[in-house]
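Asks: My questions all concern the structure below.
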Amino acid sequence: MIVNIVHVEVKPEHIDAFIQATIANHIQSVKEPGNLRFDVLQMADNPAFFALYEAYENEEGAAAHKETPHYLEWREKVAAWMARPREGIRYRSLIP
């Protein structure tokens, strides 16, 4: 299993729009073959900070996600709303 955790800091005035765009991306992402999870998390004490927890069966599933129309649309739509560039960190699952 491949896990990506993407950290995103959003400009405060764009938090609500970011959430709506990310929910739309989530709805399509969980339908992808190879996707096991796609969680959207908002930091409790800093509502402008988000983490996207993405789990895929394998590298191919993770790579395929980045070519989907919904991901490409999300990436373009939210880019200007970010306070700094997003940071994606790749993990390899040990358990489960």
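Asks: Compute the length gained on full extension between residue 92 and residue 36: take 0.36 nm times their separation in residues and subtract their Cα-Cα distance, giving the result in nm to one decimal. Could the numbers behind the result be given before it?
Replies: Details: separation 56, 0.36 × 56 = 20.16 nm, distance 1.36 nm.
Length difference between fully extended and current span is 18.8 nm.
Asks: Further question on the same structure: Report the full-extension gain for the segment residue 84 to residue 67: residue separation times 0.36 nm, less the Cα-Cα distance, to one decimal in nm.
Replies: Working: separation 17, 0.36 × 17 = 6.12 nm, distance 2.27 nm.
So the chain would gain 3.9 nm between residue 84 and residue 67.
Asks: With +1 on each Lys and Arg Cβ and -1 on each Asp and Glu Cβ, and nothing else charged, work out how big the dipole of the chain is about its Cα centre, in Debye to the nearest 20. All intermediate terms of the calculation are to be shown ahead of the outcome.
Replies: Numbers: 10 positive and 14 negative charges, 22 e Å.
With only Lys, Arg, Asp and Glu charged at Cβ, the dipole is about 100 debye.
Asks: In the range 65-85, which residues have a backbone nitrogen under 20 Å from the label point lying 7 Å from residue 23's Cα in the Cα-to-Cβ direction?
Replies: Residues 70-79, 81-82 fall inside that zone.
Asks: Can I ask one more? For the chain, what log10 I(q)/I(0) values come out of the Debye formula at q = 0.10, 0.11, 0.13, 0.18 1/Å, with one point per alpha carbon and no solvent?
Replies: The computed values of log10 I(q)/I(0) come out as -0.25, -0.30, -0.42, -0.80.
Asks: Less than 17 Å apart at the alpha-carbon level, and either on another chain or at least 8 residues along: which lysines does that give for residue 77?
Replies: By straight Cα distance, residue 77 reaches 11, 66.
Asks: Ok, one more. Evaluate the relative contact order of the chain (contact order divided by residue number), counting alpha-carbon pairs under 8 angstrom at least 6 apart; express in whole percent. All intermediate terms of the calculation are to be shown ahead of the outcome.
Replies: On the way: 159 pairs, mean separation 44.1, N = 96.
RCO, the chain: 46 percent.
Asks: Can you list the HN-Hα couplings for the range 48-60, worked out from phi with the Karplus curve (6.51, -1.76, 1.60; θ = phi - 60°), rounded to whole Hz and with x for Gly and Pro?
Replies: 8, 10, 10, 10, 9, 9, 10, 10, 10, 4, 7, 4, 4
Throughout, read-outs are computed from the coordinates displayed, never taken from laboratory work. Owing to the predicted nature of the structure, the values given are computational and were not obtained by experimental measurement. Counting neighbours? That spans all protein chains shown, and the Cβs are built from the backbone with ideal geometry, glycine included.
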